[in-house]
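Below you'll find the structure, written out as structure tokens, and then a few comments.
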């Protein structure tokens, strides 16, 4: 955001590889963005673009196969990656929380949901059992779960998908974090439930002045709930801009490509414009500087020159393209 | 339409018995009403959209229409022929089986990982059409692959070697290979990225127009249904609550549930943004529903005392659409969408 507000979270030049049996996969390269306190940003892109890996890298829950080659993640100007594992464990859940994609698999199926919220509280702010219970109930009320006294002893399978996701949100918010990452929180839920859950996330984020990262593949959803949008493609941040600016004046060909394939924006099925091709094979050692080059309608020889970085293209607007729209 | 429908169902019901009645204790049977009294018809070359929340019975209805499960009661006609008496097992052996084909939701889980793409597409053909020789199988499989723009070199591969969009097209090709007249598609694009979804939607539209195949498109995404279908049927708790032509239904929904469903869809178009209508409260249970109140009662923003006493009938409005609501005649509130929504401008930092 503006330079006057110190960022809550600052990610700089994050580069992550995964070592697999089939070779090294270059999953993220030089990913950078900032998040101000109380701001909601959306990270959008196709599956495989590195959205979730970015979130997991911030939280420090990457798979063992991942290697962070370079980069800097700062939370309130503290170097998160320099923290000891123990300090990071205490930071995670207390100051920064994550809501996972599938609420049913994120919860333990054989423990009552109230106990699972209590775990988070007991871990970070130990208290007498009666007080923990009171705080579990308070956390459940905060996410508007009806009849929390009864529901806290329920198992995940006894609750609907929407209620399970509210439990996930309650557990994430139980210790009043200042950073909330929501990784596709409503995928798999109905549109009516999605609206309720997203309203809830926005309301608690605004009320608690939480910096929030919403990861989604749904541009329309991001446009309704976010202040700013970070567009990712094949492990690169290709464009960053405030919501109204991004949709009014998209500069990167990939962003316009995504907008052209959104069903709600067109009148007929013939007006849909699919992006040709698919993501490049990220195992290649000779990945071009612009990973969109092979799919890009504006591709020119100059795109092959090394050193492509996001450049200012307007107020708060960054675009990583040599020939932007 | 003067043509007779390919598929027509009348008063179709599917009740799953959860607990049988007990003569000793006098207990009534406990039944889940998955599909309750649904009538609809699909004409040749038509695209019909079926929408509703999960649990509203749309998947059960699509399985009933494909004759994968047997209905509790009601009538089914294929080309005017009453097939209600034919069991699902008998139907799968009848020549009518190839007329109605289904495309399943998750292309990864609905393809056998041990079959090559060729065998996956050839399998329904061998089962249903009794091809004379290998050359015929080869020719028909390649024709089906071409009709869905699947490169022929992929035929020798296995599902795990294909992308999500390619697997979705294999699912459509194996339905198309037996030359059906009706394709039932259960959320065919919900697992795909928007860009891939766009190509699959265009492919389905092409198949419909070039080959005259009727589509029944089951989805919870009204925006997708709007692009593909000329008619939409909205379901809630096993019942049809509204059905009609796409444009009027989309622009002036008559049923409160349709209005809530439309308003919940996030949209990028500022002018199309609707005032959010929230459905508060929990839905009623589909188990032994009361026959004397509206099934939306308790969540409906427009409910009145009458709705708790009398269950509304499905009735036809002057413009031809069908609505199950006592108060649907009242003109729909004008779509007062603000030109610029406050939500789209960044809120000031608190």
Query raised in the report: For segment B:3-12, does any single residue satisfy the condition of being in a loop (DSSP other than H, G, I, E, B) and at positive phi?
Result: no
Report task. Hey, can you tell me all the residues within segment B:149-184 that are in a loop (DSSP other than H, G, I, E, B), on the phi < 0 side of the Ramachandran plot and within 14 Å of chain A (Cβ to nearest Cβ)? Result -> B:151, B:162, B:163
Requested in this report: Might you let me know whether segment B:115-123 holds any residue that is part of a helix (DSSP H, G or I) and within 22 Å of the chain's Cα centre (by Cα)?
Outcome: no
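Criterion first (facing chain B (nearest Cβ under 10 Å) and within 30 Å of residue B:206 (Cβ to Cβ)) does residue A:221 satisfy it?
Numbers: facing chain B (nearest Cβ under 10 Å): yes; within 30 Å of residue B:206 (Cβ to Cβ): yes.
Judged against the criteria, residue A:221 is a match.
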Query - Flag for residue B:304 being more than 11 Å from chain A (Cβ to nearest Cβ) and under 23 Å from the mean Cα position of the chain (by Cα) - result: no
Report summary line: Every listed condition ((1) at pLDDT 95 or above; (2) under 14 Å from residue A:233 (Cα atoms)) holds for residue A:40 save (2)
Requested in this report: Run residue B:112 past the list (1) modelled with pLDDT of 90 or more; (2) in contact with a helix residue (DSSP H, G or I) (Cβ under 6 Å, 6 or more places away or on another chain); (3) surrounded by fewer than 19 Cβ atoms within 10 Å (Cβ to Cβ) and report the number of the one that doesn't hold.
Outcome: (2)
Report task. Kindly provide the set of residues from segment A:17-46 that are closer than 19 Å to residue A:255 by Cα and in contact with a helix residue (DSSP H, G or I) (Cβ under 8 Å, 6 or more places away or on another chain), ordered by number. Result -> A:28, A:31, A:42, A:43, A:44, A:45, A:46
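In this structure, does residue B:68 turn out to be modelled with pLDDT of 90 or more and under 20 Å from the mean Cα position of the chain (by Cα)? If you could, list the steps in order and put the result at the bottom.
Details: modelled with pLDDT of 90 or more: no; under 20 Å from the mean Cα position of the chain (by Cα): yes.
It is false that residue B:68 is modelled with pLDDT of 90 or more and under 20 Å from the mean Cα position of the chain (by Cα).
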Query raised in the report: Of the residues that make up segment B:80-93, is at least one touching a helix residue (DSSP H, G or I) at 6+ places or on another chain (Cβ under 8 Å) and more than 26 Å from residue B:48 (Cβ to Cβ)?
Result: no
Report summary line: Of those in segment A:283-315 that are surrounded by 12 or more Cβ atoms within 10 Å (Cβ to Cβ) and within 14 Å of chain B (Cβ to nearest Cβ), the residue nearest to residue B:162 (Cα to Cα) is A:295
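Please go through segment A:301-318 and give me each residue that is touching a residue at least 24 places away in the same chain (Cβ under 8 Å) and closer than 11 Å to residue A:289 by Cα, ordered by number. I'd like the intermediate steps shown before the answer.
So in segment A:301-318, the residues touching a residue at least 24 places away in the same chain (Cβ under 8 Å) come out as A:309-310, A:313-318.
Of everything in segment A:301-318, just one residue is touching a residue at least 24 places away in the same chain (Cβ under 8 Å) and closer than 11 Å to residue A:289 by Cα, namely A:309.
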Query raised in the report: What about residue B:196, is it within 14 Å of chain A (Cβ to nearest Cβ), assigned to a helix (DSSP H, G or I) and touching a residue at least 24 places away in the same chain (Cβ under 8 Å)?
Result: yes
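May I ask you to say which residue of A:215, A:201, A:275, A:197 is touching a helix residue (DSSP H, G or I) at 6+ places or on another chain (Cβ under 6 Å), at negative phi and more than 12 Å from every other protein chain (Cβ to nearest Cβ)? Break it down stepwise before answering.
Values: A:201 fails: touching a helix residue (DSSP H, G or I) at 6+ places or on another chain (Cβ under 6 Å); A:275 fails: more than 12 Å from every other protein chain (Cβ to nearest Cβ); A:197 fails: more than 12 Å from every other protein chain (Cβ to nearest Cβ).
Of the residues listed, the single one that is touching a helix residue (DSSP H, G or I) at 6+ places or on another chain (Cβ under 6 Å), at negative phi and more than 12 Å from every other protein chain (Cβ to nearest Cβ) is A:215.
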Query - Pairs where the first residue, in segment A:122-146, is within 14 Å of chain B (Cβ to nearest Cβ) and the second is surrounded by 13 or more Cβ atoms within 10 Å (Cβ to Cβ) and part of a helix (DSSP H, G or I), C-beta under 6 Å, 6+ apart - result: A:145/A:151; A:145/A:166
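Pick from A:268, A:264: which is closer than 30 Å to residue B:207 by Cβ, surrounded by fewer than 18 Cβ atoms within 10 Å (Cβ to Cβ) and within 13 Å of chain B (Cβ to nearest Cβ)?
Numbers: A:264 fails: surrounded by fewer than 18 Cβ atoms within 10 Å (Cβ to Cβ).
Testing whether each residue is closer than 30 Å to residue B:207 by Cβ, surrounded by fewer than 18 Cβ atoms within 10 Å (Cβ to Cβ) and within 13 Å of chain B (Cβ to nearest Cβ) leaves just A:268.
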Query raised in the report: So which residues in segment B:13-58 are over 18 Å from residue B:290 (Cα atoms), assigned to a loop (DSSP other than H, G, I, E, B) and under 23 Å from the mean Cα position of the chain (by Cα), if there are any at all?
Result: B:43, B:44, B:45, B:46, B:52, B:53, B:54
Query - When residues of segment A:248-261 are limited to those that are in contact with a helix residue (DSSP H, G or I) (Cβ under 8 Å, 6 or more places away or on another chain) and not in a helix (DSSP H, G or I), the one nearest to the other protein chains (Cβ to nearest Cβ) - result: A:261
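If the requirement is being in contact (Cβ under 8 Å) with a residue 60 or more places away in the chain, farther than 27 Å from residue B:250 by Cα and more than 10 Å from chain B (Cβ to nearest Cβ), which of these qualifies: A:245, A:239?
A:239 is the lone residue from the list that is in contact (Cβ under 8 Å) with a residue 60 or more places away in the chain, farther than 27 Å from residue B:250 by Cα and more than 10 Å from chain B (Cβ to nearest Cβ).
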Report summary line: Filtering helices (runs of 4 or more DSSP H) wholly in segment A:58-160 for at least 2 residues that are modelled with pLDDT under 95 and over 22 Å from the mean Cα position of the chain (by Cα) gives A:85-91, A:113-124, A:129-142, A:148-151
Query - Conditions (1) out of contact with any strand residue (DSSP E or B) (no Cβ under 9 Å at 6 or more places or on another chain); (2) modelled with pLDDT under 90; (3) within 10 Å of chain B (Cβ to nearest Cβ); (4) surrounded by fewer than 24 Cβ atoms within 10 Å (Cβ to Cβ); number of the one not met by residue A:280 - result: (3)
Query raised in the report: Hey, any hits in segment A:182-189 for a residue that's touching a residue at least 40 places away in the same chain (Cβ under 8 Å), surrounded by fewer than 23 Cβ atoms within 10 Å (Cβ to Cβ), more than 8 Å from chain B (Cβ to nearest Cβ) and within 21 Å of residue A:93 (Cα to Cα)?
Result: yes
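Could you check how many residues of segment A:5-22 are in a strand (DSSP E or B) and surrounded by fewer than 14 Cβ atoms within 10 Å (Cβ to Cβ)?
Filtering segment A:5-22 down to residues in a strand (DSSP E or B) leaves A:9-20.
Okay, now just the ones that are also surrounded by fewer than 14 Cβ atoms within 10 Å (Cβ to Cβ), so A:19-20.
Matching residues across segment A:5-22 total 2.
Report yes if residue A:177 is assigned to a loop (DSSP other than H, G, I, E, B), within 30 Å of residue A:218 (Cα to Cα) and modelled with pLDDT of 90 or more, otherwise no.
On the way: assigned to a loop (DSSP other than H, G, I, E, B): yes; within 30 Å of residue A:218 (Cα to Cα): yes; modelled with pLDDT of 90 or more: yes.
The answer is yes for residue A:177.
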Query raised in the report: If you go through segment A:289-320 one residue at a time, how many are farther than 30 Å from residue B:203 by Cβ, assigned to a loop (DSSP other than H, G, I, E, B) and touching a helix residue (DSSP H, G or I) at 6+ places or on another chain (Cβ under 8 Å)?
Result: 3
**Report entry** In segment B:207-245, residue surrounded by the fewest Cβ atoms within 10 Å (Cβ to Cβ) [restricted to those that are at the interface with chain A (Cβ under 9 Å from one of its Cβ atoms) and without any contact (Cβ under 8 Å) to a residue 40 or more places away in the chain]
**Finding:** B:224
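The values are calculated or read from the model by the stated rules, or taken from the named source; none is laboratory data. For clarity, every value in this text was computed on a predicted model and none was experimentally measured. Positions of Cβ are generated from backbone atoms using ideal geometry, with glycine treated the same way; all protein chains shown enter the neighbour counts.
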